[in-house]
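The values are calculated or read from the model by the stated rules, or taken from the named source; none is laboratory data. No experiment lies behind these values; they were computed from the predicted model shown. Virtual Cβ from ideal backbone geometry, glycine too; neighbours counted across all protein chains shown.
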Amino acid sequence: MNITRKKKGMLLASLALLASASLHAYEPENPECIAPADPGGGWDFTCRQVGKNMQDIGAIPGTLQVTNMSGGGGGVAFAAVVNKRRDDNDLIVAASSATATRLAQGAYPGNDMSQVRWLGSVGADYGIIAVAKDSPVQTLSDLLEQMKSDPRSVAIGGGSAVGGWDHLKVLLVANKAGIEDVRTIKYVAFDGGGEAITQVLGGALQAYTGDASEAKGFVDSGDIRIIAVLAPERLDGAFSDFPTATEQGIDVIGANWRGFYAPGNMSDEAYDYWVETIGKVYASDEWKQSMADSGLAPLDLQGPEFEAFVADSVASITELSRQIGLIK
Amino acid sequence: MSDRIFGGIGLLFALLFIWAAFHIELSFISDPVGPRTFPIIVAIVMALASVVIIIKPDVKPQWPRAARLLEIAIAAGVMVAYALALPEVGFLIATAVASAFLTWRLGTAPLWALVSGALTSIGIYTVFHLILGLSLARGPFGF
Amino acid sequence: MESLNSLLNGFAVALTWQHVFLALMGCFLGTIIGALPGLGPSNGVAILIPLAFTLGLEPTAAMILLTSVYYGAMYGGRISSILLNIPGDEPALMTTLDGYPMAQQGRAGEALSLSGVASFVGAFFATWGLVFLAPQLVKVALLFGPAEYFALFTLAFATLGGITSKNQAKAAFAAALGIMIAMVGVDGQTGVPRFAFGEVHLYDGIDFLVAIVGLFALSEVFLFLEHRGDGTGEGKSASVGIGRITPSWKLLKYCTPTMLRTSVIGFIAGVLPGAGASLGSFISYSLEKKMVDKEGTFGTGDPRGVAAPEAGNNAAAGGALVPMLALGVPGSGTTAVLLAMLLALNITPGPLLFISNPDVVWGLIAALFLGNFMLLAMNIPMVGMFVRVLLIPPRILMPIVAMISFVGIYGISGSTFDLMVMIVFGLLGWVLRKLDVPLVPVILGILLGNNMEDNLRRAMTISDGDWSVLLGSPLAIGLWLVSIIGFVLPILLGGLIRRRMRMRRDEVGAVQD
């Protein structure tokens, strides 16, 4: 009795194994997502939300275990993946424009983007430049004019450090508008976009640079007015009233993408599996809904395409940082 | 005397800190205050406090005998070993060994120390991993 | 009246079996998380987010669970502060100052229950503040620009004198050390690494939890090792009695003015997005000491010294929800996590939240009231249970404390490096304790140092290097005046008070003899 049951079980198990093997060449045993920051940040939520979605649509067996590995603005996790877990097939790591920016500026000492495999993106958050609702500044060119004629009268705040993505976006715009010495631009760094917006409302700052999703609550309430969206086309929903920078003659696109990378020696089967899984998440209606709700815009790049995209953005940030003297 | 030595070390540390602050590499773009000023101000405060401590020391604390100092050093060493061993041998084993050692050194009989170490380890594992769902170090045996 | 109506609707939302059960569970888990050193409210909320997802909770239910955890952790932090002299989380730091001396005098039960009541008072008033004052308070938050924040942080450090140590020089040394530790890492204003020596792990700076756990918990283990068996040490259980486990009415009445005052101060500190609960409990304690401590009993087990920071930090926790809900700006690590959670649940906090999602907001506020009563009801009877921790022999308890500290840090950051830093802090804490250097200012320096510097530099950037901006508004001038009074008065009156203290101590000594 016992033996037969055992045999039956084994048979079933091997059948199941066979079945899954025929579907996928590879299936993760302990799928894991590293969020290279403490719980609560953007990377953490990329892991958790995508993980929840993968589980809901049954794209992975079981749950995606989220591990937080903070330090060095993602550098600790990057180094750990490169050095210690380079052969791990079950591992993906959350990344964003901040990762590309730091790679480009050499902020992960001894590491570069070719040491890992880039899987795919799950959306992008376009940059915006906004002013308080009662500001005399009406358009992007108003602001740029003021910055040109009296650069010290305009203080712009954002949620990233100097040289970070929120800062670079303003510099890109200023550069395009013909401001040669970007050092004259007064950028004030805050711990997160929300704090900077409060200071715009309180009158300490004249303008805000950040991501569309960060500003959503204040845009809905009309407390701040967006003067430029750094997207190729106008955004949907509440944001559709606001012009892009391109419309105003400043051809700058600033997308804060979110995506994943994987260890450098991940097998091709595993790589394909994860690329496909992230693609499935992206295509699901549930994900479309959460993108719409959190103000993320579409950015659908997988596998080699994504790899090329990241390489591009690293190259252009390196170029810009060198141009303005952030790196040598 | 202890306080005087402490004040001296504090003063030295503050001066080193100021020296290190002057060697902070400045970025191309900088704010009016810059990254050096504030640390230097704080280090000056520490230097002043150290001077006051040197001039007006408190009564000497009771330092332990050399054997006890060694004991503390060994305990710190065990903690370092524990930190290094965690990712290698996994949470349960490392924790059981380390806490058994500590409780033994604090005066528990060796056998009971092992029991207490094992129970501590399992108890913490239950609360933190099984109930709160924190990912603890996973060793070769999966725990 | 409109607010009251909305609140009633909120209660209708909150009072379902599921929500009540979740609030109960959240309060309980939160208390435990708060009491465990190394796990604070922000980590507690963060690690329970997956639970909320797994249970498939809708937004209101998830927020009720998580804010209950938040309030629970604020209650729980005091437990290890009082019993073990180890702050369970950063806002409970100040509670060690008088809570642990009370426990040493055999009044652990009283200290725990009194602080439970104080927590309740603080949280209760803060929740009412949230109901009636949220929209107005948001305007207050907008008055605080970088210059005002800088003045506020200066005030915190200026009033430090004499609070944590008899030796002012050592307190100043400790605060400076803390701020210097905070300087380690990438400079937020210019992006250059400072004092990191090329070590990637140091680029994000040193986590204050690592420092707290090392300085307080591990140094306690070392101290115990040192004094093992000789009976002279700061050994715990043998000398620490439990005492009565409910506070007397007389004691409560005695502490009521303190609780009310500090609730107000804590709440205001909580509302300011750049300040937070730690600053709330700290300023509550120091101002209260300045105001009522005529005999110099604060720091030696004065019940008011337990009531003040607990009422203050719980009020600040409630206050911190104001900018989070009404502005979408988190005032603390925990509210940052809650905010991210709201976003994940597809709710955009901000000026419109009260209008667009009234059920979430008012349900949440009602749940806070509910949770607050639950916590009080839970915490007073549980005092008897908590104090039994002290019956565990220290030779077993201390290793458990050490291991929990390690796990708390490792489980959150997954970093061996952090553990090493923690051990260094443990040794440092031991040396500093031997030399009678207070540890509280070190932690305050680590917690507030960066904020202080950043705000100074933001103000200076905006003004193009014109220092007069620091006195640019009546509010800033007012804060500077308070800090100057707080700094100068003790020096002027110091001699007088010290003389009176000496006289008093002689009297007490005479009685004991």
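Brief remarks on what is shown
- Candidates in region B:83-97 are the residues that are under 19 Å from the mean Cα position of the chain (by Cα) and more than 7 Å from chain C (Cβ to nearest Cβ); of these, the one that is surrounded by the most Cβ atoms within 10 Å (Cβ to Cβ) is B:A94.
- Flag if A:S160 is over 21 Å from A:F242 (Cα atoms) and among the polar types (S, T, N, Q): yes
- Here is the figure for region C:427-478: residues that are within 27 Å of C:L97 (Cβ to Cβ), surrounded by fewer than 18 Cβ atoms within 10 Å (Cβ to Cβ) and without any contact (Cβ under 8 Å) to a residue 12 or more places away in the chain total 1.
- Residue within region C:345-366 that is among the small types (G, A, S), more than 23 Å from C:S119 (Cα to Cα), at pLDDT below 85 and out of contact with any Asp or Glu (no Cβ under 9 Å at 6 or more places or on another chain) present: no
- Tally, over region B:121-132, of residues that are surrounded by fewer than 17 Cβ atoms within 10 Å (Cβ to Cβ) and at pLDDT below 85: 3
- Residue check, C:G38 among the small types (G, A, S), within 14 Å of chain A (Cβ to nearest Cβ) and within 24 Å of C:L97 (Cα to Cα): yes
- Residues of region C:414-442 satisfying the condition of being over 25 Å from B:V45 (Cβ atoms), outside any helix (DSSP H, G or I) and more than 8 Å from chain B (Cβ to nearest Cβ): C:S415
- Out of C:V360, C:V322, C:V329, C:V337, sole residue that is within 17 Å of C:A14 (Cα to Cα) and either within 8 Å of chain A (Cβ to nearest Cβ) or in a helix (DSSP H, G or I) (or both): C:V360
- Search result, residues across region B:29-63 that are outside any helix (DSSP H, G or I), crowded, with 17+ Cβ neighbours inside 10 Å and either without any contact (Cβ under 8 Å) to a residue 24 or more places away in the chain or of a type in the set (A, V, I, L, M, F, W, C) (or both): B:I29, B:S30, B:D31, B:V33
- Condition check for C:M374: in contact with a helix residue (DSSP H, G or I) (Cβ under 7 Å, 6 or more places away or on another chain), more than 30 Å from A:D223 (Cβ to Cβ), assigned to a helix (DSSP H, G or I) and more than 14 Å from chain A (Cβ to nearest Cβ): yes
- Single condition C:G328 does not satisfy, out of (1) within 25 Å of C:P135 (Cβ to Cβ); (2) within 17 Å of the chain's Cα centre (by Cα); (3) not aromatic (F, W, Y): (2)
- Conditions (1) at the interface with another protein chain (Cβ under 9 Å from one of its Cβ atoms); (2) surrounded by fewer than 15 Cβ atoms within 10 Å (Cβ to Cβ); (3) within 29 Å of C:F157 (Cβ to Cβ); number of the one not met by B:F22: (1)
To keep it simple, each residue is scored yes or no on (1) away from every other protein chain (no Cβ under 14 Å); (2) assigned to a loop (DSSP other than H, G, I, E, B); (3) over 25 Å from A:Q65 (Cβ atoms); (4) over 18 Å from the mean Cα position of the chain (by Cα).
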position	(1), (2), (3), (4)
C:L24	yes, no, yes, yes
C:G30	no, no, no, no
C:I33	no, no, no, no
C:L57	no, yes, no, yes
C:P91	yes, no, yes, no
C:L112	yes, no, yes, no
C:S115	yes, no, yes, no
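- Residues within region C:390-413 that are touching a Pro at 6+ places or on another chain (Cβ under 7 Å), at pLDDT 85 or above and not β-branched (V, I, T), tallied: 1
- Test: C:I404 is assigned to a helix (DSSP H, G or I), β-branched (V, I, T), crowded, with 23+ Cβ neighbours inside 10 Å and in contact with an Asp or Glu (Cβ under 6 Å, 6 or more places away or on another chain): no
- Some residue of region B:105-120 being buried (at least 17 other Cβ atoms within 10 Å of the Cβ) and within 20 Å of C:L427 (Cα to Cα): yes
- Only residues that are surrounded by fewer than 18 Cβ atoms within 10 Å (Cβ to Cβ), closer than 25 Å to C:V440 by Cβ and modelled with pLDDT of 85 or more were counted across region C:211-257, and they come to 2.
- Of all residues in region A:216-238, exactly one satisfies the criterion of being touching a Gly at 6+ places or on another chain (Cβ under 7 Å), small (G, A, S) and buried (at least 23 other Cβ atoms within 10 Å of the Cβ), namely A:G217.
- Among the residues of region A:192-215, those that are part of a helix (DSSP H, G or I) and closer than 27 Å to C:E148 by Cα comprise A:G193, A:G194, A:E195, A:A196, A:I197, A:T198, A:Q199, A:V200, A:L201, A:G202, A:E214, A:A215.
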